[in-house]
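Reviewing the structure listed below.
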Amino acid sequence: MASSLSVILSSAAAALRVHQAATQVTAHNISNALTEGYSRQTVELTASPPVWTEHGWLGTGVQFSDIRRARDTLLDITFRRETTSASGHRLRERFLSQIEAALAEPGETGLGSVLDAFWSAWSDLANNPTSASAREIVRERGRQLADHLNRLSNVLDATRQLAVAHLEDVVARVNSIARELASLNGQIIAAEAAGHVAADLRDARDRLLDELASYAEIQVVERPNGGVGAAVGGVLLVDDAVAIELTTQSTGGSWSILTAGGKPVELQDGELGAVIELLNVDLPSLRNQLDNLARAIVKGVNDLHTTGVNPLGMTGIRFFDDQGGVLASVTAANIALSAEVEADAQAIAAGSGGPSGEYQAGANDIALRLSQLRNWTDATYLGNTTAGEYYAQIVASVGLAVATAADSATIHETLASNVDARRASVSGVSTDEELIRLSGHQAAYAAAAKVVAAVDEMLRTLLAIA
């Protein structure tokens, strides 16, 4: 009899311990109901092994098997994939929007209006070829055109510098995340060596993996020992408690990401993929287009202007600086008026010379032909389009890229948000449900305490009889 009572007492004591621990887990859930990335924990209770008695197999109570973490791996994979795409498109949209704003098109301050004003100034000079003020206006419009191209080139330089700085910052953060993941892997492997899930440590690791997914597309492999391997761009960034470092490299103006050992990391998406594409494709392409526009303008204007004679009796004067005749050296960054025109507006020619090459006060054929460059097409630099049309194509391509990136970012952000809501329905904490569980554990604890009290009374009675 005493033996049976001891079994009952042991069973009740186990119930007290188990439901006390379960209450602690429930309280932990309630405390973290608003903690981002927290996964609801549940106590896994199982019946203790029964014992054989003369009455047959009798149960010995309840035991605490493990703490389970509510998590759906498939939803994690989907969320990270959508996050990667969303962050890459949003970064691209953010940087290209700066260039779109600098273009200021359509508008009176954009290059399109400045270019039109330049051609119109030549038309005005053709109407009054002896006017000193008309020549001053032509010089000023030419200076404005060069300055505007210079400014757009500076915008590209500034955008490039910001992109490089962002690349360096993100790579540094990725390396930090890799080290933290390796550290957490080590802690989880050690904590789970006894066979129990380290739920809070796994939550911390998943939060880091979610953040890493915004920078690059990742592949996560769960190891049997509880650690994970995380690959980025075909390179194993983290493997259990080991992490590798990434670094950046610029060769000939082309940027790449390498491991510390020099292995290339091929990134197509996420912030890293977007900023690499921006540096290696988008910005060089825009710069090349602006440079071609500058070269075409310099070539077209100078070819005509050098054939005219100015009021100073000079011929062969270049309106724009052509870098010593090397047009390939002319860029949007260095386009400028020639030294002669910059020094004196009277160096500007409006017409051809007379029979002996002398200045003709009323000649306006050069200014007229220069004004008609508005409709001149160039095959060498502008792809058989006019300067205005070529620039309009640049504006349209930037605008389309910004709109496409913004739309794509919104789509993937919406998908990621929807998946995250589904994750929350699986992993999130409902305080109402937790309070119900808390009441259940409290009732079970109280009942077990009553069993202990009953067994105590039975033992007292038994001892009194003895």
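The table below lists the values:
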quantity: Heavy-atom surface of the chain, accessible at 1.4 Å and reported per residue (Å²); calculated: 47
quantity: Ranked order, 149, 267 - accessible area, probe 1.4 Å, largest first; calculated: 267, 149
quantity: Nonlocal amide H pairs with residue 269, under 5 Å, H built at 1.01 Å; calculated: 217
quantity: Size of electric dipole in the chain: Cβ of Lys, Arg +1 and of Asp, Glu -1, about Cα centre, debye, nearest 20; calculated: 780
quantity: Spatial extent of the stretch 55-195: Rg and Dmax, with the Cα atoms as the point set, Å; calculated: 32.6, 127
quantity: Residue 380 accessible area, 1.4 Å probe, all protein chains in place, Å² to nearest 10; calculated: 100
quantity: Computed accessible area, residue 437, all protein chains, 1.4 angstrom probe, square angstrom; calculated: 80
quantity: Theoretical ellipticity at 222 nm over the chain - DSSP helices of four or more residues, -39500 (n - 2.57) apiece, nearest 500; calculated: -21000 deg cm²/dmol
quantity: The chain: DSSP helices with Cα axial extent of at least 18 Å and average Kyte-Doolittle hydropathy no lower than 0.0; calculated: 2-31, 111-127, 387-427, 431-465
quantity: Whole-angstrom Cα spans of the stretch 131-194 along principal axes, big to small; calculated: 95, 10, 7
quantity: Amide H within-cut-off set for residue 320, under 5 Å, with H built and near neighbours excluded; calculated: 302, 338
quantity: Alpha carbon centroid spacing (whole Å) that separates the stretch 345-403 from the stretch 269-301; calculated: 23
quantity: Cβ-placed point charges (K, R +1; D, E -1), dipole of the stretch 1-147 about Cα centre in debye, nearest 20; calculated: 460
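The values are calculated or read from the model by the stated rules, or taken from the named source; none is laboratory data. No experiment lies behind these values; they were computed from the predicted model shown. Cβ atoms come from the backbone with ideal geometry, glycine included; neighbour counts cover every protein chain shown. What goes into the accessible areas is simple: the full protein's heavy atoms, side chains included, and nothing from ligands, DNA or RNA. Shrake-Rupley method; radii C 1.70, N 1.55, O 1.52, S 1.80 Å.
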